[in-house]
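Please read the structure below before turning to the comments.
The values are calculated or read from the model by the stated rules, or taken from the named source; none is laboratory data. Just so we're clear, the structure is a prediction, and the values are computed from it rather than from any experiment. So basically every Cβ, Gly included, is an ideal-geometry build from the backbone, and we count neighbours across all protein chains shown.
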Amino acid sequence: MSGVEIRFLGTGDAFGSGGRLHTSTFIRSACGDVLVDCGPSTLASLRRDALDPNTVDAIVLTHLHGDHFGGLPFLLMDAHYATGRMRPLVIAGPPGVADAVARALDVLFPGSGRLEPRFPVTYVEWREREAVAAGPADVTPFQVRHSTTRRVSGCASRRAAACSRSPVTRSGPMRSSTSPPAQTSSCASVPATRARRLITSTT
């Protein structure tokens, strides 16, 4: 894998310690653009760094804590109403990710949880140690320790896949009545492999 750009849009914790923004990592390769996590400040971080949110092909959520996926409602509403996105988007996360996103949308924008977006949205549910395709990337989640008191599920590695591969997943509106209940599983950090360039923005 060559010509990979990694940009840390935010590296902060849930409380913005040290003035850092919420966690989100932007990965660009010849295959496409991927976000790893989408904290509440992600949309502003993308625009601050002159990165078009509509070029993002997939968003991979390590877990469903608000500081890791709370920016998704803003990104989805911006794409639907403000920028007229038409490009398909893959959202990958733990079991229950589609319902978790729909509930977050309903809380922040009442009634929007059943919104049919103008662009195709596909949800991918990953399982521990099972590789899944998330847009232009392969994702393999591993259980890691999020805190000193418990072990929970999370993501530990990803590698870029062929651009032509399409994930085999459920697609449709932002809400799916068939999804299992959301799990607040967690993880620590996600190393990207074989990166040629590392571009770190001020957070």
Q) How many residues are modelled with pLDDT under 75 and either hydroxyl-bearing (Ser, Thr, Tyr) or outside any strand (DSSP E or B) (or both) when one looks only at region 127-153? A) 6
Q.
Can you name every one of the helices (runs of 4 or more DSSP H) wholly within region 1-85 that holds 1 or more residues which are among the small types (Gly, Ala, Ser)?
A. 42-48, 66-69
(Q) For Val101, only one of the following conditions fails: (1) among the hydrophobic types (A, V, I, L, M, F, W, C); (2) surrounded by fewer than 24 Cβ atoms within 10 Å (Cβ to Cβ); (3) not in a strand (DSSP E or B). What is its number? (A) (2)
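Name every residue in region 50-64 that is of a type outside the set (A, V, I, L, M, F, W, C) and modelled with pLDDT of 95 or more, in order of residue number.
Asp52, Pro53, Asn54, Thr55, Asp57
Here's the yes/no breakdown for (1) over 19 Å from Val36 (Cα atoms); (2) aromatic (Phe, Trp, Tyr):
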| site | (1), (2) |
| --- | --- |
| Pro73 | no, no |
| Asp78 | no, no |
| Tyr81 | yes, yes |
| Arg87 | no, no |
| Pro95 | no, no |
| Asp106 | yes, no |
Q: Select, from Gly12, Gly39, Gly18, Gly32, the only residue that is in contact with a strand residue (DSSP E or B) (Cβ under 9 Å, 6 or more places away or on another chain) and over 25 Å from Pro141 (Cα atoms).
A: Gly18
(Q) Please go through region 13-25 and give me each residue that is in contact with a helix residue (DSSP H, G or I) (Cβ under 7 Å, 6 or more places away or on another chain) and surrounded by 16 or more Cβ atoms within 10 Å (Cβ to Cβ), ordered by number. (A) Leu21, His22, Thr23, Ser24
Q) So Asp52 fits all but one of (1) acidic (Asp, Glu); (2) exposed (fewer than 14 other Cβ atoms within 10 Å of the Cβ); (3) in contact with a Gly (Cβ under 8 Å, 6 or more places away or on another chain); what number is the exception? A) (3)
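Before we move on, is Pro94 touching a residue at least 60 places away in the same chain (Cβ under 8 Å), buried (at least 22 other Cβ atoms within 10 Å of the Cβ) and closer than 25 Å to His146 by Cα?
yes
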Q | Only one of Asp13, Asp49 that is in contact with a Ser or Thr (Cβ under 9 Å, 6 or more places away or on another chain) and in contact (Cβ under 8 Å) with a residue 60 or more places away in the chain | A | Asp49
